[in-house]
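Working notes for the structure below.
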Amino acid sequence: MALAGSDAGANPAASTEKWSSRFAFIMAAVGSAVGLGNLWRFPAETGVNGGGAFVIFYIFCVVLIGLPVLLSETLIGRAGQSSAIESMKNVARKSGASPLWSLGAAVGMVGAFLILTFYSVIAGWVIYYAGVFINDVSSSLSSGNISGGAFAGMNADAIQDILPALHKNADMMIAMHALFMAITIFVVARGVHGGIEKVAVWLMPMFFLLFLGVTIYSLSTGDTSRALDFLFSFDAQRLLDPKVQLSALGQALFSLSLGSAMMITYGSYASRDTNLAKTSGMIATADTSVAIIAGLAIFPIVFAAGLSAEGGPTLLFATLPTAFQSMPFGSIIGLLFFVMVFFAALTSSVALLEASVSWAVTRFNANRAMLAVGFGLVAFVIGTWASFSFNSQSKLYLLNFGIFEEQNVFNFLDKLTGSVLLPVSALLVAIFVGWVADKQLVDEENGMSGAPHMIWRFLIAWLCPLVIGVILITGLFPQIVG
């Protein structure tokens with residue numbers, strides 16, 4: 001398979017599909033970034049890493065690291081006018097540089113594909129929980145207690161056992177994983193206009209409406225004061241804590257989907273009249289706002305029920321369902337919440353699959369639908385293997401050192417992508433745009449001028465490579481920071 005560094009064969013076809021409007025581009029790009037991580041990872045990271053200190057440093061990282069890399073990835077896509085790998089290769093050729101630089105996009109594309117394999121498993125849980133709440137809404141209607149809490153008659157242990165019981169039911173877990181993957185394949189197979197854009201334009205506004213509604217409900221019925229204190233209490237000394245800084249840096253890259261080739265792919269569909277700098281700023285602002293507001297949507301409900309605010313994925317799948325039991329209209333709010341999470345998960349998974357499908361379509365001029373099915377099936381098989389990790393705790397000893405020591409399949413894929421592949425891709429992109437790509441070509445694409453352009457040039461050439469390199473090293477060797 002010829003990826004980076006190979007000039008063999010005919011030049012791949014340029015991207016012919018375009019977003020119909022800047023709004024469609026923004027919705028698709030925001031949808032690719034806003035996902036499961038925004039709805040549980042950021043709030044949990046905030047609480048564990050110093051509250052307001054973490055939030056301030058996170059915003060600092062988004063502006064100084066995330067936004068410059070985001071703009072760099074989108075401009076590579078539009079300048080290259082093809083899939084992520086071929087776009088980076090095309091820009092390298094135009095700049096008189098080695099096409100080997102497309103390795104940056106290739107690493108990101110592989111990372112995106114591997115993320116899809118286990119992301120679909122978690123999204124399958126979301127579908128399952130939506131079904132659980134549909135049944136609960138039906139029961140509440142039948143009993144005439146729709147205004148009461150969810151799961152009437154169940155104790156907290158039984159509610160929190162829903163997820164472990166799903167883990168033990170391999171057939172059901174694989175079925176939900178298959179259903180979510182099938183929906184993702186269907187959307188990508190229909191192309192940019194017929195599938196990806198339509199889903200983004202319809203689902204993302206619906207997501208934001210549900211998100212706003214759940215947040216208002218949470219703030220009006222939950223323990224808002226404690227949630228605000230938990231999220232935004234400020235300890236100035238925590239700003240100097242290396243662990244807090246590295247967590248914020250990693251979250252900024254993770255939240256904006258950087259280093260995954262998705263933004264390069266979506267950038268290739270952007271029209272020439274789209275100002276990439278302004279659009280990137282809107283994408284970063286929307287994604288960051290969702291991450292921060294997610295804490296206001298979740299923690300007032302959690303604290304009002306007297307439950308713990310930590311726990312990663314269990315915050316969504318164990319803590320919140322338990323909290324909905326003591327909240328008014330708990331069944332309906334629980335259902336709307338998981339429908340909202342499903343919308344966010346789907347728009348992200350579509351982008352993860354599109355990165356690979358787009359490359360294969362342009363490289364081999366092959367049928368999009370067949371490629372979507374092919375890549376999707378491979379991702380489904382790998383994801384099924386990873387899903388067994390939650391039942392048997394199967395171990396994978398391919399790499400038995402450092403962060404990979406005695407990891408099960410799911411955790412191995414998570415560590416490989418988040419700590420290695422995505423930072424490597426983002427690092428190569430920053431170096432490529434900051435030092436290798438033709439300056440005139442880059443300047444024509446980025447939509448900036450004057451002082452903002454000079455600042456962006458400094459950030460992408462100097463600060464971004466340095467900071468991302470630190471993330472990569474400390475991610476592989478966490479003992480460095482204790």
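The values are calculated or read from the model by the stated rules, or taken from the named source; none is laboratory data. Not measured: the values here are computed from a predicted model. Cβ atoms come from the backbone with ideal geometry, glycine included; neighbour counts cover every protein chain shown. Only protein heavy atoms, including side chains, enter the accessible area calculation; ligands, DNA and RNA are left aside. Shrake-Rupley method; radii C 1.70, N 1.55, O 1.52, S 1.80 Å.
Here is how the numbers come out for the structure above:
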| item | result |
| --- | --- |
| Relative contact order (%) - criterion: Cα under 8 Å, at least six apart; region: the chain | 34 percent |
| The chain: angle of helix 276-304 to the longest principal axis, Cα-based, in degrees nearest 10 | 20 degrees |
| Other-chain or far-sequence residues with amide H under 5 Å of Ala150's (modelled H) | Gln325, Ser326, Met327, Gly330, Ser331 |
| Amide H contacts under 5 Å for Arg190, placed H, 5+ residues apart | none |
| Surface per residue (accessible, 1.4 Å probe) for the chain, Å² | 38 Å² |
| Using alpha-carbon coordinates, inclination of helix 464-476 to the longest axis of the chain, degrees | 50 degrees |
| Derived scalar couplings ³J(HN,Hα) [the range 50-62; Karplus, 6.51 cos²θ - 1.76 cosθ + 1.60; whole Hz; x for Gly, Pro] | x, x, x, 4, 5, 4, 4, 5, 4, 4, 4, 5, 4 |
| Sites excluded, GluC sites (Glu not before Pro) in DSSP loops with at most 15 other C-beta within 10 Å, longest stretch of the chain | 1-309 |
| Percent carbon-and-sulfur accessible area, the chain, ignoring ligands, DNA and RNA, probe 1.4 Å | 66 percent |
| Structure-based [θ]222 nm, the chain - -39500 (n - 2.57) summed over DSSP H runs of at least 4, per residue, nearest 500 | -21500 deg cm²/dmol |
| Shape parameters for the range 304-375, alpha-carbon atoms, Rg then Dmax in Å | 19.0, 57 |
| Surrounding net charge for Ile122, when Lys and Arg each add one and Asp and Glu each subtract one, Cβ distance under 14 Å | 0 |
| Sequence-distant lysines (8 or more away, or on other chains) whose Cα lies within less than 28 Å of Lys439 | Lys18, Lys89, Lys94, Lys278 |
| For Phe234, distant residues with modelled amide H under 5 Å away | Gly52 |
| Table column - 3J(HN,Hα) (Hz), the range 91-98, Karplus curve with 6.51, -1.76, 1.60, x for Gly and Pro | 5, 4, 4, 5, 8, x, 10, 5 |
| Spacing of the two label points (7 Å from each Cα toward its C-beta) at Glu444 and Leu240, in nm | 4.9 nm |
| Residues in the range 104-143 that a label on Val381 would reach, taking backbone N under 17 Å of a point 7 Å out along Cα→Cβ | 113-118 |
| Binned Cα-Cα distances of the chain, short to long, each 10 Å bin given as a whole percent | 4, 20, 31, 27, 13, 4, 1, 0 |
| Karplus-derived HN-Hα couplings along the range 181-190 (A = 6.51, B = -1.76, C = 1.60, θ = phi - 60°), whole Hz, x at Gly and Pro | 5, 5, 5, 4, 4, 4, 5, 5, 4, 7 |
| Once exposed loop chymotrypsin sites (Phe, Trp or Tyr not before Pro) are cut out (DSSP; at most 10 other Cβ, 10 Å), longest piece of the chain | 1-396 |
